[in-house]
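Each remark here refers to the structure printed beneath this line.
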Amino acid sequence: MEKITKESLKDILGNIVKVMEEEKNYLIELDSAMGDGDLGLTMYTGFSAVYAEIDQLDETDMGKLFMKLGMKMNSVVPSTMGTLISTCFVKAAPKAKGKTELELSDIVEMGQAAVQGVMDRGKSKVGDKTMLDALAPAVEALSAAEKAGQSLAEANIAAYQATIDGVEKTKTMQSVHGRAAYYNEKSIGHPDSGAVAVMFIFKGIRQSFA
Amino acid sequence: MEKITKESLKDILGNIVKVMEEEKNYLIELDSAMGDGDLGLTMYTGFSAVYAEIDQLDETDMGKLFMKLGMKMNSVVPSTMGTLISTCFVKAAPKAKGKTELELSDIVEMGQAAVQGVMDRGKSKVGDKTMLDALAPAVEALSAAEKAGQSLAEANIAAYQATIDGVEKTKTMQSVHGRAAYYNEKSIGHPDSGAVAVMFIFKGIRQSFA
Amino acid sequence: MKKLINKPEDFARETVEGIVLAHPESLKMVNGSFHCLVRADEKKAGKVAIATGGGSGHLPVFLGYVGYGLADGVTVGNVFASPSAEAMHEVDKAIHAGAGVLHLYGRYGGDIMNFGMAADLAEMEDIEVTEVLVTDDVASAPKGKEDKRRGVAGLVFAYKVAGAAAEKMLSLAEVTRIAQKTVDHTRTMGVALTPCIVPEAGKATFSIQEDEMEIGMGIHGEPGINRTKLQSIDDVVTEILNKIIEDLPYTSGDEVAILVNGLGGTPKEELYLAYRKAQQILTEKGIKIHRKYIGEYATSLEMAGMSISLLKLDNELKELVDAPCYSPFFEQTR
Amino acid sequence: MKKLINKPEDFARETVEGIVLAHPESLKMVNGSFHCLVRADEKKAGKVAIATGGGSGHLPVFLGYVGYGLADGVTVGNVFASPSAEAMHEVDKAIHAGAGVLHLYGRYGGDIMNFGMAADLAEMEDIEVTEVLVTDDVASAPKGKEDKRRGVAGLVFAYKVAGAAAEKMLSLAEVTRIAQKTVDHTRTMGVALTPCIVPEAGKATFSIQEDEMEIGMGIHGEPGINRTKLQSIDDVVTEILNKIIEDLPYTSGDEVAILVNGLGGTPKEELYLAYRKAQQILTEKGIKIHRKYIGEYATSLEMAGMSISLLKLDNELKELVDAPCYSPFFEQTR
Ligand SMILES: Nc1ncnc2c1ncn2[C@@H]1O[C@H](COP(=O)(O)OP(=O)(O)O)[C@@H](O)[C@H]1O
Ligand SMILES: Nc1ncnc2c1ncn2[C@@H]1O[C@H](COP(=O)(O)OP(=O)(O)O)[C@@H](O)[C@H]1O
Ligand SMILES: [Mg+2]
Ligand SMILES: [Mg+2]
Ligand SMILES: [Mg+2]
Ligand SMILES: [Mg+2]
């Protein structure tokens, strides 16, 4: 697949749901150490709802679709990560407006808008030990792949790898946002659970291209 | 001693305090089974206060003395038993009014007034499994001893024995007053803790005549 | 014993000290004794005075119901222990305004003895005293023996109604009649999930398993009528409310005041879950809720659990229950 | 998990249902959603609307502060979880009376994200929105990083003051300025003795030994600044009050409102022990208590513990804090 349609978006969301189901307990455990432990549930519930929602929507305009799916995600799981993922959908949406198929170049633009959206919403930046530390490198990898003329599949493999590396880096960082920030230095050593969740999202995406 | 003076009253109270000190934990245990467990403390504290108070009072009129000691008891330990013992003092007081020494005949009258006082105050009667089941037989024993022309010492030995028998009988009874009444049939088998406390009072009195 | 206190033996006194420091415009001590508290405002000549009292550990009961349209004085004992007759007598003398004193309190052994003795003392001083014992706890004695029941959260209705009657300058006989009628129309039943710890005792008032609850447990840990596995709040409310309704009985067409009372350790959220179910049941039975109280009105320190009380209203009681009242712990303005 | 509830997943919804059933004259849902509650009375055209919100489990926070002289609408999340931006937006639309909306809430990650998104949504509908985050918890970030602190019981002061300002028909800019000033003048610190259990999680939010307490513990169990052996209430109050006083600082000659707040499981008696010591300390330091609140104003389900908050008053704040207000959970008449 070289373009993402509503159909393939559904397939991707289905794969993300599967990964989240598998990794639910691991995410709960991670988030329990430095947070409230809801992350496994919110990611699984949120993506399941979005996956179910896509069938309910007649919409074929990918922009409007992304907007609606984002609002759905937020209304179902209004936790920090739920809202940030929702923000990614909502902020990416305008870049997809008027299109029924998305190419890698669209996706890069959408990703960049999402990163900017998260930075604005969270008043955070790369290096703060958040989901951004997985998301931003993933979007950069997509962009690099596009520039290198790679396929969507190759781009997503690179993006997933970038999230793995990003998660690894978060272990050396100290949390400054969210509940984990209450732990100060004690947060060093643990990966950021939001970053791990982003890694699982890209794992799901990647599986659609396998 | 054939008459009770302020001096000998003090001696008697001192002996009661001693017995209560020895039996404190036993009374607590008894009262804990069917009540709130305060009885050991209230009896020890109450009699200690009365014992300390008697030295503070210039009063030599035994009636006024009893009245004041009774009010002291109540103000220090206003629990059920504290108040009933206080009632005994207060109701016995008029029979001792104007006297500086008490004979066995005075004591019988005082005891009878005390029994009546408890019955009125507690709306209770012999057989209800209360302290009355020790107090009433003790007063009867005093009265019988008086009629038989016995000494104060002999009378108090008989009274103490009557409380022992009275306590024994309470084991077969069912509580109808106070916290123990909440236990209904379950109260059968246990002695009434108020009756036991009365027995210890007469044990203390008896020791003053040994 | 996990408590934020100083020395256990100072608990009752220091609590009252804190209250009087916080609310000097409402409450004052008599002769500097923490056992004796009365309204801080001027007493109204010719008004019937209402005295109450009992052990500490039940806030807002008892002292929280001293105020305008409520009681006039209170005698405060140590935790779960009656205050003395002498202290009660001091309160009676302080609040007496020439129209007599109503002793209004919950039916517990030590309190009965002491209020009885206090009544004797009052008689010697020519203060007319009447007595109404609150006996609303359905679980504490069977039907037919209503007068042997304990007083629990229903106290609040008795204070509210009798206090309003006294504020209307009714006679002692009238205030007494109305207080007794309120008691006669009130039924309560509760459930306990955890015990509490009396500071001086330092140990739990009773023991109960992590998955158990006890229906009808008394507020000092007196045995209830049924210890079972923890049930859902809907089931608990159904059980206790039906017991209450059958006991009086309350019937279709009745108007009631309802009190959903937390025992201390139970979150307000759970009280509203209870109210939700109670309202459903009452509505089904055609019993109309005229007024509701939901919160902590009569507690047992940190005990977890709750109780439901109903007061059946007629026109006389309705007017009195609706009257305004004010204390630092209980205000009704609408 | 010893709770009087039905299904854990229904807890938040059923609680709100009970509240709306009990207080229909005060609170109503928007579009039948339990997540969205607004004042039941007519809205006043041209009055600034105040919206708040956050997770369930903190009653009376948040919905208990919707009423006359307080907030106008609230968005209710699941236990300890932010409600959605969409629900917030529904509330904003329902309460907007032409003069803009102030988002007034405690600084927690999820809530910030969602109120931020709701503000974006409001902008699209030309509803002017401002935001004030309550950041009173001294224990949650050091001095110099006040804006990184969590919001706890100090919320109550913010609602009280901003609500009174809005009721005076001040402009959005003015109400916002006053709300921010209230936050800037408020400091809180608490102590936790026991955790609570989120119904859906079914286990304690943190673990703590039977003889330990934690100073500065957050209301969701966020780590505090000092875990120690259980201390006397006098020592606890001395420690936390001094930390509060030094932080602003409050100094001799200041007038303050004080809030002694129970976290849910702590008996009122202990709150008055705390007030007793707090008043002693403030008096010694020449800080005058202008108004006091003692009770459960912001809780964490059944958590045992308490917090103390101070609000430094100037003439403007004094008038607003003294203004009357009414909600089913918080009434001030004098
Ligand atoms: N300000 C922020 N900006 C970006 N990401 C954030 C921010 N705050 C928290 N996060 C991310 O959110 C994750 C926690 O999400 P979640 O468990 O939903 O939070 P909560 O349960 O506290 O609402 C963190 O691991 C981090 O990656
Ligand atoms: N109505 C009554 N009449 C006589 N004695 C009573 C009555 N009620 C209780 N008692 C006596 O009081 C005893 C309990 O005393 P105490 O422990 O002081 O009670 P409490 O702690 O409940 O106030 C009982 O064992 C019984 O002997
Ligand atoms: Mg989380
Ligand atoms: Mg969360
Ligand atoms: Mg006892
Ligand atoms: Mg006792």
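Can you give me the Kirkwood hydrodynamic radius for region A:35-110, using every pair of distinct Cα atoms, in Å to one decimal?
About 12.6 Å for region A:35-110.
Going toward the positive end of the dipole of chain D, with +1 on Lys and Arg Cβ and -1 on Asp and Glu Cβ, which of D:78, D:132, D:121 do you reach last?
Sorting the options by dipole projection puts first D:132.
Considering only the other residues whose Cβ falls under 10 Å of the Cβ of residue C:263, what net charge follows from Lys and Arg at +1 and Asp and Glu at -1?
Net of charged neighbours comes to -2.
Hey, can you grab everything whose amide H is under 5 Å from the amide H of residue C:212? Only 5+ residues off in sequence or another chain; H modelled, so Pro and N-termini drop out.
Those lying under 5 Å, H to H, from residue C:212 are C:230.
Give me Rg over Rh for region A:1-76, both radii from the alpha carbons and Rh done the Kirkwood way, two decimal places.
1.05
Placing +1 on the Cβ of each Lys and Arg and -1 on the Cβ of each Asp and Glu in the protein assembly as shown, which of A:28, D:326, D:29 has its Cα farthest towards the positive end of the resulting dipole?
D:326
Can you give the log10 of the normalised intensity I(q)/I(0) at q = 0.09 Å⁻¹, computed with Debye over equal Cα scatterers of the protein assembly as shown?
For the requested q values the scattering log ratios are -1.02.
Cross-link list A:18/A:68; C:143/D:28; A:91/D:168; B:97/C:93; A:129/D:292; A:10/D:7: which exceed 31 angstrom alpha carbon to alpha carbon?
Beyond 31 Å between Cα atoms: C:143/D:28; A:91/D:168; A:129/D:292; A:10/D:7.
Which of rounded, prolate, oblate describes chain C, given a ≥ b ≥ c as roots of the alpha-carbon gyration tensor eigenvalues and a/c under 1.5 marking rounded, otherwise prolate only if a/b is larger than b/c?
Taking the square roots of the gyration eigenvalues as a ≥ b ≥ c, chain C is oblate.
Kindly identify region C:186-314 as rounded, prolate or oblate by the Cα gyration tensor criterion: order the square roots of the eigenvalues as a ≥ b ≥ c, call it rounded if a/c is under 1.5, otherwise compare a/b with b/c, prolate if a/b is larger, else oblate.
Because a/c hits 1.5 or more and a/b exceeds b/c, region C:186-314 counts as prolate.
Which whole-number percent is the relative contact order of chain C (Cα, under 8 Å, 6+ apart)?
Reported relative contact order: 18 percent.
Springs between alpha-carbon pairs under 10 angstrom, Gaussian network model over chain C: which of C:207, C:300, C:82 fluctuates most?
Fluctuation is largest for C:207.
Once label points are set 7 Å from the Cα along Cα→Cβ at both residue D:184 and residue A:18, what is their separation, rounded to one decimal in nm?
If labels sit at residue D:184 and residue A:18, their model points lie 5.7 nm apart.
For Cα pairs less than 8 Å apart in space and 6+ apart in sequence, what is the mean separation divided by the residue count of chain A, i.e. the relative contact order in percent?
Answer for chain A is 23 percent.
Quote the charge dipole size of region D:143-265 about the Cα centre in Debye, to the nearest 20; the model charges only the Cβ of Lys and Arg (+1) and of Asp and Glu (-1).
That gives a dipole near 440 debye.
Taking a label point 7 Å from Cα toward Cβ, how far is residue D:173 from its twins in the other copies, in nm, shortest first?
Label-point separations across copies, in nm and ascending: 7.1.
With the Cα gyration tensor of region B:6-207 giving a ≥ b ≥ c as the square roots of its eigenvalues, does the rule (a/c under 1.5 for rounded; else a/b larger than b/c for prolate; else oblate) give rounded, prolate or oblate?
Prolate, since a/c reaches 1.5 and a/b exceeds b/c.
Write down the Å³ per residue value for the convex hull defined by the alpha carbon atoms of region D:8-184.
101 Å³
Quickly work out the residue A:29-to-residue D:123 label distance, labels modelled 7 Å from Cα along the C-beta direction, and quote it in nm with one decimal.
4.2 nm
Taking the Cα centre of the protein assembly as shown as origin, sum charge times position over the Cβ atoms of Lys and Arg (+1) and Asp and Glu (-1), and report the length of that vector in debye to the nearest 20.
Around 520 debye, computed over the protein assembly as shown.
Give me the extension gain from residue D:238 to residue D:322: residue separation times 0.36 nm, minus the current Cα-Cα distance, reported in nm with one decimal.
Here the answer is 27.5 nm.
What is the dipole size for chain C, taken about its Cα centre, with +1 at each Lys and Arg Cβ and -1 at each Asp and Glu Cβ, in debye to the nearest 20?
The dipole magnitude comes to about 580 debye.
Given a Förster distance of 41 angstrom, what is the FRET efficiency for residue D:251 paired with residue A:123, based on the Cβ-Cβ distance and rounded to 0.05?
0.80
Taking the dipole about the Cα centre of chain C, with the C-beta of Lys and Arg at +1 and of Asp and Glu at -1, give me whichever of C:173, C:110, C:313 is farthest to the positive side.
Looking along the dipole axis, the top candidate is C:313.
Run the label-point distances for residue C:7 please: 7 Å along Cα to Cβ, every other copy, nanometres, shortest first.
Reported distances to equivalent positions: 5.5 nm.
Count, for each residue of D:79-85, the Cβ atoms from other chains sitting within 10 Å of its Cβ, then give me the mean as a whole number.
Mean inter-chain Cβ contacts per residue within 10 Å come to 6.
Just to be sure I understand: with springs between alpha-carbon atoms less than 10 Å apart, which residue in A:158, A:148, A:33 has the highest mean-square fluctuation in the Gaussian network model of chain A?
A:148
Rounded to the nearest Å, what's the spacing between the alpha carbon centres of region A:139-170 and region B:1-35? Just the number, please.
A separation of 89 Å, based on Cα centres.
Compute the long axis of helix A:132-147 from its Cα atoms, compare it with the longest principal axis of the Cα atoms of chain A, and write down the angle in degrees, 0 to 90, nearest 10.
Result, in degrees: 40.
If each label sits 7 angstrom from Cα along the C-beta direction, how far apart, in nm, is residue D:211 from its counterparts in the other copies?
Spacings between copies for this position, smallest first, are 3.2 nm.
Between C:89, C:290, C:58, where does the largest GNM mean-square fluctuation fall for chain C, given springs only between Cα atoms within less than 10 Å?
Looking only at C:89, C:290, C:58, the largest GNM fluctuation is found for C:290.
Spelling out what I want: for every residue of region D:158-169, take phi, set θ = phi - 60°, compute 6.51 cos²θ - 1.76 cosθ + 1.60 (Karplus), and round to whole Hz; glycine and proline get x.
So the Karplus estimates, Gly and Pro as x, are 4, 4, 4, 6, 5, x, 5, 5, 5, 5, 7, 6 Hz.
Read-outs: derived from the displayed coordinates by stated rules, not from any lab. Here the structure is a predicted model, which means the values were calculated and not measured. All Cβ positions, even for glycine, are placed from backbone atoms using ideal geometry, and neighbour counts span all protein chains on display.
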